[in-house]
1. Touching a Phe, Trp or Tyr at 6+ places or on another chain (Cβ under 8 Å), of a type in the set (Val, Ile, Thr) and touching a residue at least 12 places away in the same chain (Cβ under 8 Å), is that true of residue 34?
2. Only one of these is over 17 Å from residue 350 (Cβ atoms), part of a helix (DSSP H, G or I) and either within 15 Å of the ligand (Cβ to nearest atom) or at pLDDT 95 or above (or both): 311, 284. Name it.
3. Which ones in the stretch 247-278 are closer than 23 Å to residue 323 by Cβ and more than 13 Å from the ligand (Cβ to nearest atom)?
4. Name the pairs: first residue in the stretch 175-203 and within 18 Å of residue 279 (Cβ to Cβ) and polar (S, T, N, Q), second residue more than 16 Å from the ligand (Cβ to nearest atom) and assigned to a helix (DSSP H, G or I), Cβ to Cβ under 9 Å, at least 6 apart or on different chains?
5. Kindly list, by first and then second residue, each pair from a residue in the stretch 368-386 that is more than 19 Å from residue 140 (Cβ to Cβ) to a residue that is of a type in the set (Ser, Thr, Tyr) and surrounded by fewer than 22 Cβ atoms within 10 Å (Cβ to Cβ), limited to pairs with Cβ atoms under 9 Å and residues at least 6 apart or on different chains.
6. Just one of the numbered conditions (1) at pLDDT below 90; (2) surrounded by 12 or more Cβ atoms within 10 Å (Cβ to Cβ); (3) under 24 Å from residue 84 (Cβ atoms) is not true of residue 14; which one?
7. Can you tell me which residue is nearest to the ligand (Cβ to nearest atom) among those in the stretch 314-336 that are hydroxyl-bearing (Ser, Thr, Tyr) and within 16 Å of the chain's Cα centre (by Cα)?
8. Out of the stretch 402-453, which residues are in a loop (DSSP other than H, G, I, E, B) and touching a residue at least 60 places away in the same chain (Cβ under 8 Å)?
Amino acid sequence: MLRVRINRPGPVRQKAELVLGLLADAIGIRLSVVAADAANEDDADLCYSAVRPKSSKQLWLPAVDFDWSVVSTDVQEINRVPFIGGILSKEGDAVIRGDILYGTWLMVTGAFESGQDRNRFGVPLARGSFAYENGLVAQPVVNRYASILSTLIVERLGSRYSPVDRWPNGARGAIVLSHDVDRPFSRPTAEHYHQRVSRDIRNLRVRATLRGLGGYVKNVLAQGDSGAQTHRDPNFGFDGWREFENGIGSKSAFYVAVRHAAEDGALWEEVNYNFRHPKLLGQLRHLAEDGWEIGLHASIACRSEPGRFELERRILAEAVGSPVRGLRHHYWALDSTRPEATLRAHAEAGFEYDSSLGFNDAPAFRRGVAFPFNPIDPHRMEALPILQIPPTVMDGGIFFNVSNQAEGEFELRRHIDQVIAVGGAVVFNWHLEQQNPGRLMGAGQALMNVLRD
Ligand SMILES: [Zn+2]
């Protein structure tokens, strides 16, 4: 057990303890914080303080000398590691030259998100933000802090502290593949329009009724009912992913929505398929039986009606016939200002993990973290009892910003190399329907090419 002394006032101390818990998990070394009033200066291996400790036996973790409620915009890099709050030690005084605990706190609690532009679902935009431009979310900065802390401990304190490997079997990193199910059918089915138009007539919504009828004519009458033709629908990509993943030894997760846009009171941006469609539900049961994961694609409105989480989880689990342990939100729409409140609701609804806390406009690291972690709720000052598997890249995050498939593949390779270099987990969200080669410049094929290499 490695002992850490925190020579900072109470409010900082409490936050530092939470951050040390997260970093200890990240580096696989047990850390204990010595009591604030412990008299013996030599009772610790590491000392977190604003001035260099007198005892030469202690390794110094430099601390900013102000309260952590201040969000510093002084970001300075040494060896490509950005330190928030500036450089705090002279060269030679400390191995780690800035405050990695304060930096981790700001990143993990999303301190830079408050002033950030958001999309209409409340997800902050990475591109153009202060954190992105200053290298804080364009790379997994917390992974970097963890790496330099681990190196310091192992090099200076030697064999007393042998870290537990982050990944099994000597792996350098992890690649996590997952698929949101947004458009399993190229066009909404006749049943969808029937339900939607009936609802709008009942509610005397004339314009919505006409829009629904227009959609019915265009997508069903003129095309033939895609619902009856799913075996030929290129968006119905289950078999394609299954075949590809069998080839690389992977069984991924599919996140499926149980509330759709034609239901009473549903937002029009919810999905427009009914997961109980016999072909779809049959496929999901089949996948679950074969050991693939079926998770919940939580509806957008869930975040403002927390009781929904448990309901949606139960509906899906009962229909598919297997437990539902994890979720990702449609449009990644966690609460826009306090996502931790939504994550807490997940835990209370019995989920073991969420995978929504990311940026979907660029390959980036919303909380600076590229490994599963327990998020910290800064309002309640505690680590949440639910794992976050932070998504690091979505299909559109790359392919809305490139002009052809080859460029997309280049960006994909760069992202993977960047994450594996810091021992991280690349978490892909590649929508089910990207098996359709006509969609998004061949994003599906691009991912398969890259992962086969
Ligand atoms: Zn979605």
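1. On the way: touching a Phe, Trp or Tyr at 6+ places or on another chain (Cβ under 8 Å): no; of a type in the set (Val, Ile, Thr): yes; touching a residue at least 12 places away in the same chain (Cβ under 8 Å): yes.
Answer is no for this residue.
2. Values: 311 fails: over 17 Å from residue 350 (Cβ atoms).
Criteria check complete, one pass: 284.
3. Step one: of the stretch 247-278, the residues closer than 23 Å to residue 323 by Cβ are 250-260, 271, 273-278.
Hits for the stretch 247-278 are 250, 251, 252, 253, 274, 276, 277, 278.
4. That search, which allows pairs on different chains as well, returns 186/219; 186/226; 189/219; 189/220; 189/226; 189/227; 189/228.
5. 377/109; 378/109; 386/353
6. Unmet for residue 14, out of (1) at pLDDT below 90; (2) surrounded by 12 or more Cβ atoms within 10 Å (Cβ to Cβ); (3) under 24 Å from residue 84 (Cβ atoms): (1).
7. Narrowing the stretch 314-336 to residues hydroxyl-bearing (Ser, Thr, Tyr): 322, 331, 336.
Narrowing the set further to residues that are within 16 Å of the chain's Cα centre (by Cα) leaves 331, 336.
Details: 331: 6, 336: 17 Å.
Once the filter is applied, the top-ranked residue is 331.
8. We begin by selecting, within the stretch 402-453, every residue in a loop (DSSP other than H, G, I, E, B); these are 402-404, 422-424, 430-431, 436-439, 453.
Residues satisfying the conditions are 422, 423, 424, 430, 431, 436, 437, 438, 439.
The values are calculated or read from the model by the stated rules, or taken from the named source; none is laboratory data. Bear in mind the structure is a predicted one, so any value in this text is a computation, not a measurement. No Cβ is skipped: glycine too gets one built from the backbone with ideal geometry, and neighbour counts run over all protein chains shown.
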